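Each remark here refers to the structure printed beneath this line.
The values are calculated or read from the model by the stated rules, or taken from the named source; none is laboratory data. Quantities reported herein were computed from a predicted structural model and do not represent experimental measurements. Positions of Cβ are backbone-derived with ideal geometry, glycine not excepted, and every protein chain shown enters the neighbour counts. Side chains are part of the model used for accessible areas, which takes the heavy atoms of the whole protein and leaves out ligands, DNA and RNA. Shrake-Rupley method; radii C 1.70, N 1.55, O 1.52, S 1.80 Å.
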Amino acid sequence: PDSRAHGASGGEFVTYGLLEKYDVLDWAAWMKHQGCRQLYALGESLGAAVLIQSAAVQPVFSAIVAESAYADLLDAGADRMSRFAGVPRPLARVMVKTAMAYAHWADGLDLRTVSPLHDIARAPTPILLIHGLNDRRTPPSNSVRLERANPATRSGSSPEPPTPAPSPPPPKISAAASSPGLRNTPRRHEGRSPAARRPPRSWSSTPPPAK
C-alpha cells in the first residue's frame with residue numbers, strides 16, 4: 001500500500017512516523033487476520049524509520065530490515081537544511097524546531113517526539129540495519145547511532161563474549177583423502193540475539209481510525 005498522504009492512501013499530512021507507525025500496525029493486524037502467522041518487514045529511508053517506530057509500540061514483526069533510516073527527525077531535518085540549503089547548522093536546527101512547534105500548534109502534530117533513536121532502545125524486535133557509506137542525503141552515521149542505541153550493543157551493557165573452547169587437535173588426513181571441504185570449520189556465532197534482550201511490551205496506544 002501507499003504511505004499516508006501518498007498515492008491512493010488517505011491522510012492529509014506526512015508525519016514521518018508519528019501516525020504512519022499505526023498505519024503499519026493496522027496493516028500487520030489485517031495480514032494476520034488473513035492467516036499470515038509470521039511477518040517480516042523491509043523498509044527504506046522513511047519506511048525504515050517508520051518500521052523502527054512501530055516496533056516500539058507493538059512487536060508484530062518477527063524481524064525488521066531497516067535500510068538508510070534516519071536516527072532523529074530534528075537532527076535529520078537540520079542536517080539536510082544545512083547541507084543542501086547552505087544554512088549554518090545552529091540556525092538550521094532553530095528553523096526546524098520552529099517548524100515543528102508550528103505543526104504542533106496548528107495541526108496538533110508533535111513531531112518533536114519522532115525519534116527512531118529513542119524507539120529502537122525500547123523495541124524487542126530483531127532489527128538489521130543497512131546503510132550505504134556514500135549516502136549523502138541520510139549519512140551512515142544515522143545507522144551507527146541507531147546501532148549504539150540498542151541496549152544489547154551499548155557500551156558497558158553488552159555481555160562479554162563467551163570464551164571459546166579449546167580446539168581439538170586436527171584429524172590426520174592422508175593426502176589422497178584431503179580436500180578443501182574437509183578443512184572448513186564452523187564459525188561460532190557470539191553475542192546475544194536482539195530478540196532476547198527484553199520481553200515484548202503490550203500495545204497500549206490506540207491507532208487512528210482508518211480512512
Given (1) touching an Asp or Glu at 6+ places or on another chain (Cβ under 9 Å); (2) outside any strand (DSSP E or B); (3) open to solvent by less than 50 Å² (accessible area, probe 1.4 Å), number of the condition residue 13 does not satisfy = (3)
Condition check for residue 57: β-branched (Val, Ile, Thr), open to solvent by 30 Å² or more (accessible area, probe 1.4 Å) and modelled with pLDDT of 90 or more | no
When the residues of the range 41-83 are filtered to those that are outside any helix (DSSP H, G or I) and closer than 18 Å to residue 111 by Cβ, which remaining residue is farthest from the chain's Cα centre (by Cα)?
-> 72
Subset of the range 94-117, residues without any contact (Cβ under 8 Å) to a residue 60 or more places away in the chain and open to solvent by 70 Å² or more (accessible area, probe 1.4 Å), comes to 94, 95, 97, 98, 102, 104, 105, 112
Residue under evaluation residue 146, criteria (1) assigned to a helix (DSSP H, G or I); (2) of a type in the set (A, V, I, L, M, F, W, C); (3) closer than 24 Å to residue 13 by Cβ, criterion not met | (3)
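Based on what the data block shows, is residue 134 surrounded by 14 or more Cβ atoms within 10 Å (Cβ to Cβ) and either assigned to a loop (DSSP other than H, G, I, E, B) or in contact (Cβ under 8 Å) with a residue 60 or more places away in the chain (or both)? Steps first, please.
Values: surrounded by 14 or more Cβ atoms within 10 Å (Cβ to Cβ): no; either assigned to a loop (DSSP other than H, G, I, E, B) or in contact (Cβ under 8 Å) with a residue 60 or more places away in the chain (or both): yes.
For residue 134, the condition - surrounded by 14 or more Cβ atoms within 10 Å (Cβ to Cβ) and either assigned to a loop (DSSP other than H, G, I, E, B) or in contact (Cβ under 8 Å) with a residue 60 or more places away in the chain (or both) - is not met.
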Please identify the pairs in which a residue from the range 2-15 that is closer than 16 Å to residue 107 by Cα and among the aliphatic types (A, V, I, L, M) has its Cβ atom under 8 Å from the Cβ atom of a residue that is assigned to a loop (DSSP other than H, G, I, E, B) and at pLDDT below 70, counting only partners at least 6 apart or on another chain.
-> 5/11; 14/5; 14/6
The residue from 50, 14, 24 that alone is at pLDDT below 90, closer than 21 Å to residue 114 by Cα and of a type in the set (A, V, I, L, M) is 14
Criterion violated by residue 27 - all others in (1) of a type in the set (Phe, Trp, Tyr); (2) open to solvent by 40 Å² or more (accessible area, probe 1.4 Å); (3) assigned to a loop (DSSP other than H, G, I, E, B) satisfied | (3)
